[in-house]
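Derivation of every value follows stated rules applied to the coordinates shown; laboratory data play no part. Only a predicted model underlies this, so the values are computations on that prediction, with no experimental measurement involved. Cβ placement follows ideal geometry from the backbone for every residue including glycine, while neighbour counts extend to all protein chains displayed.
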Amino acid sequence: MTDIHVSSSPTGSGGRHLLEVKDLYVEFHTRDGVARVINGVSYHLDPGETLAVLGESGSGKSVTAQAIMGILDMPPAKIPGGQILYKGENLLAMSEEKRRQVRGKEISMIFQDALSALNPVFPVGWQISESLRTRAGMSRKDGLKRAVELMDLVKIPAAKARIKDYPHQFSGGMRQRVMIAMSLAMDPKVLIADEPTTALDVTVQAQIMDLLGDLRRDLNMGLILITHDLGVVADVADRIAVMYAGRIVEHADVRSVYKHPAHPYTEGLLDSIPRLDSKGTELATIKGLPPNLMRPPTGCAFHPRCKYAKAVCTTETPRSLDLGHGRTSACHFAKEMLDGTLR
Amino acid sequence: MFRYLVRRFLQMIMVFIATTFIVYSLMYLTGGDPIQALAGEKPVTDLQRAQLTVKYGLDQPFLVRYWNYLTDLLHLDFGTTLTGRSIKDILLDAWPVTMQLALIAILVTIIFGVTAGVIAGIRRGSIFDNATLVLTLIVIGIPSVVLAPLSQYLFTIQWKLFPTTASGNPTWYELLLPGIVLGSLSVATAMRLTRASVSENLRADFVRTARSKGMPGRRVIGIHVLRNSLIPIVTFLGVELGSLMAGAIVTESVFNVPGVGFQLARALKTEDTPLVIGIVSVLVIVFLVANLIVDLLYAVLDPRIRYE
């Protein structure tokens with residue numbers, strides 16, 4: 001692979017990142033109480049780079065993305081703290097009208113289930129060109145012409161003939177390509193893909209992943225790939241941020257994570273990927289369930305499920321430990337994990 | 001699309017035959033003596049009776065009589081009333097009035113029901129939402145036999161805003177109050193339906209997508225949400241328009257509107273069997289056509305069902 005060198009040093013002018021989430025907090029105020037779903041998440045993204053955000057359902061990976069997009073329903077959601085910097089400007093401090101300008105044009109997002117994420121009553125060409133017509137001032141004809149180009153770009157065969165088709169007339173994979181074409185209409189600098197392949201067949205998954213990887217490289221976009229599937233990200237991602245209970249528990253470049261996980265949760269995730277050479281043996285799982293965010297466990301949120309848990313884990317919340325080379329782990333025993341001395 | 005149309009049309013013919021058959025049999029089974037009804041209070045001699053029986057084909061078997069009725073109907077020959085008036089003429093007089101009334105009623109339904117439903121759907125749980133909920137529940141709870149005379153009393157006699165009854169050839173103004181009364185009965189249903197449809201679509205994934213595309217809120221609601229919410233609403237309005245065209249027996253009787261419902265009520269009161277059958281047959285056709293149009297509109301509005 002000849003892709004961008006993985007580094008944690010800021011690129012671009014003024015030493016800032018393209019997108020930076022800083023110590024973000026999100027809570028949901030419901031009738032039953034307050035659920036703290038994001039508890040101090042920080043990550044950053046540079047042009048042409050892929051960051052994979054990994055975690056189980058409810059770990060807060062999608063909520064973080066929705067907070068970046070500004071499409072959280074507030075209320076019930078509330079953002080009591082943190083910053084989201086895009087090109088150095090804090091999105092959270094912007095007016096709604098200014099944020100709307102950023103959506104789709106600077107930061108764009110694609111969703112898990114393209115069938116429900118696309119509007120069922122409008123033709124795909126109409127939907128792809130909607131932003132071009134209403135925001136870029138293109139005529140209907142020019143918009144549709146550009147829509148065909150975008151559909152060609154995401155490799156939809158016979159794009160011109162399918163421009164008037166409706167979402168339900170496409171296969172799952174093609175539908176996701178339509179979704180991607182639509183998200184690229186305004187040439188965004190950041191693309192957030194929220195579980196883009198979860199609803200697809202395995203063979204189609206790989207095609208979509210390859211497409212996203214190619215587009216990111218060709219268009220020099222920053223790509224945030226949200227997934228719960230470690231297998232999916234290995235080839236595409238540069239860095240991985242593993243989330244658990246609204247925190248980033250491990251953050252490192254993809255090779256380091258696969259070689260030596262620095263957090264017991266990451267290790268558990270890696271062990272639970274089925275392998276050909278483990279045929280006949282029982283698949284490892286992480287015991288227990290993700291915590292209830294209304295009543296999170298004391299200390300480290302992962303301790304009830306951690307096979308290494310010690311006394312300190314039940315009382316003290318681990319800080320994010322810097323392990324060098326931009327690598328962090330929120331485990332009291334991160335160094336011991338890397339040494340292989342943790343029992 | 002073509003196959004769908006053909007299938008739908010064949011269905012319509014079957015429903016038409018079945019319903020007219022049922023109506024005809026019911027009138028046949030209720031018995032009574034049609035010749036005595038024709039003569040009124042006067043005595044009928046045996047000779048007259050025999051003559052009239054042959055003249056009206058009453059000596060024929062039931063199925064033959066049904067067949068004759070059906071072919072006459074298809075030739076738009078509805079026969080005459082017991083008093084000798086052409087039923088076709090009565091229908092031609094009554095129909096435009098009922099259509100006017102139905103139009104007012106459906107406009108009332110759209111303007112008040114659909115608009116309020118959209119607002120309530122967007123602002124679920126707001127004061128507006130709760131107030132309209134209570135109001136619609138009250139209106140749903142009042143039957144038209146109460147609502148029509150009550151509003152007639154209040155608006156025409158007490159406050160003198162409208163004429164009390166319609167004339168033989170009613171103007172739009174005379175039909176306004178009956179139209180509003182008729183429409184208010186479906187306002188409540190239209191509102192609840194619109195509210196549910198809008199609030200459901202507001203939570204849909206494609207709304208989130210439209211927002212992520214940077215579409216302004218008014219476009220998200222005005223185009224993406226409304227276009228989808230329209231599907232059940234149009235279906236409802238179409239069926240509703242069909243039944244409004246069928247005339248409103250109570251409302252038309254109370255306000256003396258010479259429409260189809262008024263004529264039907266009169267025919268029932270005077271036991272004018274040919275007129276009842278004539279009106280009901282046409283109502284069946286109107287209803288079937290309205291339903292066909294709704295089904296076709298449905299296919300236009302929702303591309304997902306177009307090729308089934």
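Taking loop as defined by DSSP and a crowding limit of 16 other beta carbons within 10 Å, which GluC sites (Glu not before Pro) in region A:232-338 fit?
Values: sites: A:Glu250, A:Glu267, A:Glu282, A:Glu316, A:Glu336; in loops: A:Glu282, A:Glu316.
Those satisfying the criteria are A:Glu282, A:Glu316.
Neighbour counts of other C-beta atoms within 10 Å: give me B:Arg203, B:Arg208 arranged from fewest to most. Present the calculation step by step, with values, prior to reporting the outcome.
Working: B:Arg203 10, B:Arg208 19.
Neighbour counts put them in this order, fewest first: B:Arg203, B:Arg208.
Mind checking the angle between helix B:172-202 and chain B's longest principal axis? C-alpha axes, 0 to 90 degrees, to the nearest 10.
Roughly 50 degrees, rounded to the nearest 10.
On a 22 Å Cα-Cα criterion, which of the cross-link pairs A:Lys22/A:Lys259; A:Lys22/B:Lys213; A:Lys259/A:Lys307; A:Lys98/A:Lys145 come out too long?
Working: A:Lys22/A:Lys259 28 Å; A:Lys22/B:Lys213 24 Å; A:Lys259/A:Lys307 20 Å; A:Lys98/A:Lys145 28 Å.
Pairs exceeding 22 Å: A:Lys22/A:Lys259; A:Lys22/B:Lys213; A:Lys98/A:Lys145.
Amide H of B:Thr80: which non-local residues (sequence gap of 5 or more, or other chain) have their own amide H closer than 5 Å, using H built in the peptide plane?
B:Ile87
In whole Hz, with x marking every Gly and Pro, tabulate ³J(HN,Hα) for region A:23-28 from phi via Karplus 6.51 cos²θ - 1.76 cosθ + 1.60, θ = phi - 60°.
Result, rounded to whole Hz: 6, 7, 10, 9, 10, 10.
How big is the antiparallel share of DSSP beta bridges in the protein assembly as shown, given as a percent to the nearest 5?
Details: 31 of 50 bridges.
Looking only at bridges with both residues in the protein assembly as shown, the antiparallel portion is about 60 percent.
In region A:129-155, which residues have a backbone nitrogen under 15 Å from the label point lying 7 Å from A:Gln101's Cα in the Cα-to-Cβ direction?
It comes to A:135-137, nothing else.
With unit charges on the beta carbons (Lys and Arg positive, Asp and Glu negative) and the dipole taken about the Cα centre of chain B, which residue among B:Met1, B:Val260, B:Ile90 sits farthest to the positive side?
B:Met1
As a check on your grasp of the helix formula, calculate [θ] at 222 nm for chain B: sum -39500 (n - 2.57) over DSSP H runs of n ≥ 4, divide by the residue count, round to the nearest 500.
-23000 deg cm²/dmol
What 222 nm value per residue comes from the helices of chain A, counting each DSSP H run with n ≥ 4 as -39,500 (n - 2.57) and dividing by all residues, nearest 500 deg cm²/dmol? Walk me through the numbers before you get to the answer.
On the way: 13 runs with 108 residues, N = 343.
Dividing the helical sum by the residues of chain A leaves -8500 deg cm²/dmol.
Across region B:280-293, in residue order, what do the Karplus-derived ³J(HN,Hα) couplings come to in whole Hz, using 6.51 cos²θ - 1.76 cosθ + 1.60 with θ = phi - 60° and x for Gly and Pro?
4, 4, 5, 4, 4, 4, 4, 4, 5, 5, 4, 5, 4, 4
Could you put A:Cys313, A:Cys300 in order, starting from the residue whose Cβ has the fewest other Cβ atoms within 10 Å?
On the way: A:Cys313 23, A:Cys300 27.
So the ranking, lowest neighbour count to highest, is A:Cys313, A:Cys300.
Give, as a single signed number, the net charge of other residues whose beta carbon lies under 14 Å from the beta carbon of A:Leu230, with Lys and Arg counted +1 and Asp and Glu -1. Show your work: numbers first, answer last.
Numbers: positive: A:Lys61, A:Arg239, A:Arg255, A:Lys259, A:Arg275; negative: A:Glu56, A:Glu195, A:Asp229, A:Asp235, A:Glu250, A:Glu267, A:Asp271.
Neighbourhood net charge equals -2.
Taking amide H positions as placed in the peptide plane 1.01 Å from N, state which residues far from A:Gly81 in sequence (5 or more) or on other chains have amide H under 5 Å from it.
So A:Gly81 has HN proximity to A:Tyr25.
What are the residues whose amide H is under 5 Å from the amide H of A:Leu191, where those residues sit 5 or more places off or on another chain and H is modelled from the backbone?
Excluding prolines and chain starts, which carry no amide H, the hits are A:Ser108, A:Gly222, A:Leu223, A:Ile224.
Quick one: dipole size for the protein assembly as shown, taken about the Cα centre, charges +1 on Lys/Arg Cβ and -1 on Asp/Glu Cβ, in debye to the nearest 20.
960 debye
Put +1 on the Cβ of every Lys and Arg and -1 on every Asp and Glu Cβ in region B:90-305; which of B:Thr115, B:Leu241, B:Leu176 then has its Cα farthest towards the positive end of the dipole?
Most positive-ward Cα: B:Thr115.
Which distance in nm do the two modelled labels at A:Val312 and B:Leu47 give, with both placed 7 Å along the Cα-to-Cβ direction?
Label-label distance for A:Val312 and B:Leu47, simple model: 12.6 nm.
Please sort through the DSSP H helices of chain A and keep those with an alpha-carbon extent of at least 15 Å along the long axis and a Kyte-Doolittle average not below 0.5.
Values: long enough: A:124-134 (16 Å, -0.24); A:140-153 (20 Å, -0.60); A:172-183 (17 Å, 0.17); A:202-219 (26 Å, 0.23).
Span-like helices, by this rule, are absent here.
Using the basic label-point model (7 angstrom from Cα toward the beta carbon), what is the B:Leu150 to B:Ser126 distance in nanometres?
Distance between the two pseudo-spin positions: 2.8 nm.
Using alpha-carbon positions, what is the distance between the centroids of region B:239-267 and region B:1-78, in Å?
Each part reduced to its Cα centre gives a spacing of 23 Å.
On a C-alpha basis, how far is the centre of region B:85-136 from the centre of region A:79-153 in Å? Whole number, if you could?
38 Å
Calculate the mean, over all residues of peptide B:214-222, of how many other protein chain Cβ atoms lie within 10 angstrom of the residue's Cβ. Write out the running numbers ahead of the final one.
On the way: counts 18, 7, 5, 2, 0, 2, 0, 0, 0.
If you average over the peptide's residues, the count of other-chain Cβ atoms is 4.
Report the local net charge at A:Ser62: Lys and Arg +1, Asp and Glu -1, summed over other residues whose C-beta lies under 10 Å from its C-beta. Numbers along the way, then the final one.
Numbers: positive: A:Lys61; negative: A:Asp194, A:Glu195.
Result for the neighbourhood of A:Ser62: -1.
How shielded is B:201-209 by partner chains, expressed as the average number of their Cβ atoms within 10 Å of its Cβ atoms? Please report the intermediate quantities before stating the final value.
Numbers: counts 1, 0, 1, 4, 9, 11, 3, 8, 14.
Per residue, the number of nearby Cβ atoms from other chains is 6 on average.
Distance from the Cα centre of region A:190-256 to that of region A:289-326, in angstrom?
25 Å
Applying the Karplus parametrisation 6.51 cos²θ - 1.76 cosθ + 1.60 with θ = phi - 60° to the phi angles of region A:187-192, what ³J(HN,Hα) value in whole Hz is obtained for each residue in order, glycine and proline being reported as x?
Residue by residue, region A:187-192 yields 6, x, 8, 10, 10, 9 Hz.
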